[in-house]
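Each value in this text was obtained by applying a stated rule to the coordinates, not by laboratory testing. Just so it is clear, the model here is predicted, and its values are computed rather than measured. Positions of Cβ are backbone-derived with ideal geometry, glycine not excepted, and every protein chain shown enters the neighbour counts.
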Amino acid sequence: MYSTEGGMDIEEVAHKTPERIFKEWVYPGGGLQPFQARKIAFNLQLSGEAFKNCVRFVTNLYNCVCWIGLQLCWRLIRFSKQAMKKSLPWIAK
């Protein structure tokens, strides 16, 4: 979710000018597609170098969030395995 009304209270923007709030849905199996990153930059009314930088930023931000999420999942899996070994050693073999 993003808006051209940066620095504003999103609830206020949603109430007064809902047409200025944009949403981009990302399919988890396919990830953020290049056209979606360009659409975000376009909707933010950027052009030239700012457009290119926004596309790069949005793509990198998405990849970073996915990487952090993956790392957290692996930590939870490791933690679960360790917890199982301690509490249910006969299952975790």
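Each of the peptides 22-31, 56-65 was scored by the mean count of other Cβ atoms within 10 Å over its residues; in descending order, highest first, they stand as 56-65, 22-31. Based on the reciprocal of the average 1/r between different C-alpha atoms, the Kirkwood radius for segment 1-75 equals 13.7 Å. Label-to-label distance, Thr4 versus Phe42, with points set 7 angstrom from Cα along the beta-carbon direction: 1.4 nm.
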